[in-house]
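Structure first, commentary second.
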Amino acid sequence: MLAVDVQNLLMAYSAVIVAFIAGIHWGVFLFRQCSLNLFLHSNIVALLSWLSLLSTLLWGVVILLFCFLYLLWIDTVLVRQQLLEPWFYRLRVRASALALLSLVSYAVIAL
């Protein structure tokens, strides 16, 4: 029987999603002119997300919440500069809300 560790699964999946979004920002940095140094920001956030996997549940969730919110703030800046499509931004807001709700809900239940 395969035992599934929900906590590790949720944290790892969240870290992968953060890294994926940071990769999108890196791509924007490579192909468009923007006022933010997305190369630096995206790499720091991706590394922070992986650091969350080495932390306790509480600190890991706090780090991931920060990462999701920070990336969403970057998306807000990029959409205002017309470097991201509005439909993508709307998708990101919804997906981020779902991710934040999932992380907070699990942390509340587990702690």
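With N counted as the residues of the chain, its alpha-carbon radius of gyration over 2.2 N^0.38 Å works out to 1.12.
What is the gain in length, in nm to one decimal, between Leu58 and Val108 on full extension, counting 0.36 nm per residue of separation less the C-alpha to C-alpha distance? List each step's numbers first, then the result.
Numbers: separation 50, 0.36 × 50 = 18.00 nm, distance 0.94 nm.
Between Leu58 and Val108, full extension yields 17.1 nm more.
Pop the C-beta distance of Leu91 and Leu51 into the FRET formula with R0 = 30 Å and round what comes out to the nearest 0.05. Once rounded, the FRET efficiency stands at 0.70. Based on DSSP H segments of at least four residues, each scored -39500 (n - 2.57), the chain has a per-residue ellipticity at 222 nm of -28000 deg cm²/dmol.
Bear in mind these aren't lab numbers, they're just calculated from the coordinates by the rules spelled out. These numbers come from a predicted model, not from an experiment. Every residue, glycine among them, receives a Cβ derived from its backbone with ideal geometry; neighbour counts consider all protein chains shown.
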